Amino acid sequence: MTHTPPVFTAHDVPDLINAVPTFFGFRVEESIVAVATSGPRRRLGFRLRMDLPRPGKEEAVARKVVGHLTDHGAEGAIVIVLTEQQELALELLDAIHAALDDFSGIELIVRARADGERYWTDEPGFPPEGLAYVTSEHHLSIVQAVAAGQQILPSRQVLVDRFRPVTGVRRRWLEHATASILEEIVPQVARTVPGELAATGMAVVEPILDRVRAGDQVSDGDLLRIAAWVSTISVRDEVWGLMTRDNAPEMLAALTLVSTRAVPPLEPAVLSLAAFAAWLTGDGAQALIAVDRALEADPCYSMAGLILEILERGVSPASWVGWPTP
């Protein structure tokens, strides 16, 4: 049986504003939101959210927004700036409008700004004082998304907190446990023939991952064993190779759980894998948060740098066809 996701039709700007949390999985504030549209019915496709720039950086941000829309084949664009800084919002919208006119054939379908209580558009005769609108957790777009299994978080900060390094007594306990796990694993790695390291590591990692993905209770020690083994490049790449767009949500949940136990030196690999899984699900926000923490732990970690480049270029996960078969 094929599951068909619910179809939501936005009839006006307040409908679009209410639907924004369903685009990203959290309630959006002080942000630029751009959504690509296609076809005569203006179906919504690629979407991005960016923090507001400092004054004077509007044109650079506009070029970046338009570049992403162009790369994703947008025929039309919906651009909404959500902020209390309405002068900055207007400057941004003007810059994006100009960039669309200068550098692309994309039609600007909707340009709007809102401050949480009132919104403004460029429609002829639109009142200069704006129109009132209300956001609601019971709006049809959100009800449909939640019914389909999507989680809507109250803010982006809640998403950031998922990948925040553990602190306090819990961190000290995990550091002690990590040292014990490394004392167990490092000698195994040293004794293993390089060509057999991936198989040796996966014999440990894959059964634990399967249990996590199945929702079974897994000890901190086993989660740390995953983090330790994927810190070896060959095992990391094997786990990376397991990921598909179909299993990415399960892999993301499992790797996020592992990352909540990771302390130095185990952070970069598992966080990079979580970032890739998030990207495969289409969740660029989670991917960026995870990769940022990976790069904080090791600014030179190559996999994290690669994923950051993918995110900055706005590469669509639809382009991922998996690793080539040997």
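The values are calculated or read from the model by the stated rules, or taken from the named source; none is laboratory data. Values in this document were obtained by computation on a predicted structure and should not be read as measured data. Quick reminder, even Gly has a Cβ in these numbers, built from the backbone with ideal geometry, and neighbours come from all protein chains shown. Accessible surface areas use protein heavy atoms only, side chains included; no ligands, DNA or RNA. Shrake-Rupley method; radii C 1.70, N 1.55, O 1.52, S 1.80 Å.
Structure notes:
- Within segment 123-186: Cβ-based charge dipole about Cα centre, in debye rounded to nearest 20 (Lys, Arg +1; Asp, Glu -1): 280
- Of the whole protein surface, residue 50 contributes about 40 Å² of accessible area at a 1.4 Å probe radius.
- At most 12 other Cβ within 10 Å, DSSP loop - trypsin sites (Lys or Arg not before Pro), segment 85-162: none
- Applying the Karplus relation 6.51 cos²θ - 1.76 cosθ + 1.60 with θ = phi - 60° to segment 55-64 yields 3J(HN,Hα) values of x, x, 9, 4, 5, 5, 5, 4, 4, 5 Hz, where x marks Gly and Pro.
- Förster radius 45 Å - calculated FRET efficiency between residue 191 and residue 98, Cβ distance, rounded to 0.05: 0.10
- Structural size metrics of segment 238-306, computed from C-alpha coordinates, are Rg and Dmax of 10.8, 31 Å.
- Shown here for segment 123-219: GluC sites (Glu not before Pro) in loop regions (DSSP other than H, G, I, E, B) with at most 16 other Cβ atoms within 10 Å, namely 129, 137.
- Accessible area per residue in Å² at 1.4 Å probe, computed on the chain: 52
- Between 0 and 90°, nearest 10: helix 86-103 axis offset from the chain longest Cα axis: 90
- Signed unit charges on C-beta, dipole axis of segment 100-236, positive-most listed residue 108, 157, 139: 157
- Annotation: the antiparallel percentage among DSSP beta bridges lying fully within the chain is about 70.
- From phi via Karplus (6.51, -1.76, 1.60), per-residue ³J(HN,Hα) for segment 243-248 in Hz, x at Gly/Pro: 7, 10, 5, 6, 9, 4
- Nearest-ten-degree value, helix 197-213 long axis tilted from longest Cα axis of the chain: 60
- For segment 48-112, a simple Cβ point-charge model (Lys and Arg +1, Asp and Glu -1, everything else neutral) yields a dipole of about 220 debye relative to the Cα centre.
- Assigned charges on the beta-carbon of Lys, Arg, Asp, Glu; the chain dipole about Cα centre (debye): 660
- Taking the charge dipole of the chain about its Cα centre, with +1 at Lys and Arg Cβ atoms and -1 at Asp and Glu Cβ atoms, the residue from 70, 200, 258 reaching farthest to the positive side is 200.
- Of all accessible heavy-atom area on segment 197-241, the percent that carbon and sulfur account for (1.4 Å): 48
- Accessible surface of segment 1-87 [probe 1.4 Å, protein heavy atoms]: carbon and sulfur percent: 49
- Computed from backbone phi, the HN-Hα couplings of segment 224-235 come to 5, 5, 4, 4, 5, 5, 6, 6, 7, 4, 5, 6 Hz, rounded to whole numbers (Karplus: 6.51 cos²θ - 1.76 cosθ + 1.60, θ = phi - 60°; Gly and Pro given as x).
- Going through [x] 60, 41, 36; [y] 76, 49, 44; [z] 73, 39, 35, the figure that equals Cα extents along the principal axes in Å as computed for the structure here is [y].
- Per DSSP, loop trypsin sites (Lys or Arg not before Pro) in segment 194-232 with at most 13 further Cβ within 10 Å: none
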